[in-house]
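The values are calculated or read from the model by the stated rules, or taken from the named source; none is laboratory data. Everything numeric here is computed off the predicted structure, so don't read it as measured data. Counting neighbours? That spans all protein chains shown, and the Cβs are built from the backbone with ideal geometry, glycine included. Accessible surface areas use protein heavy atoms only, side chains included; no ligands, DNA or RNA. Shrake-Rupley method; radii C 1.70, N 1.55, O 1.52, S 1.80 Å.
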Amino acid sequence: MRGHILAAIAMQLVVDELRLVGDIRERAIHNMPLQCRQAALATVKAINGRGICHGDARADNVLFTRTDDGQGLKPILIDFAYGFGDATEGEISDDFASWADILGLDSDDY
């Protein structure tokens, strides 16, 4: 019984730590330069324009890497496990709005 209790406590600590990392990551996204966040949303728009929804808009699923010249950052969307093609207009609109919210941008501006 004691081992089960310790395992449950350890699992809760892991869950709490992952939640904290997610919160920090979301705050970090909102503090990214506006141009980086706009580039990420433009990437989503390009994907949506091909009828594809990412399906899992969250801060953990956008990474930034240096541009080829090393002067800026470019977005990379990851984890398309929930993504799907042949999306309806409503699904695309919802996907885009979710990403805009995650990036701290107004989807109506795009």
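The heavy atoms of D108 present about 130 square angstrom of accessible area, all protein chains included, probe 1.4 Å.
Multiplying the sequence separation of R66 and S93 by 0.36 nm and subtracting their Cα-Cα distance, what value in nm do you get?
On the way: separation 27, 0.36 × 27 = 9.72 nm, distance 2.89 nm.
Stretched fully, the R66-S93 segment lengthens by 6.8 nm.
Extension gain for Q38 to R50 (0.36 nm times residue separation, less C-alpha to C-alpha distance): 2.4 nm.
Restricting segment 18-110 to trypsin sites (Lys or Arg not before Pro) that sit in a DSSP loop and have at most 14 other Cβ atoms within 10 Å of their own Cβ leaves R50.
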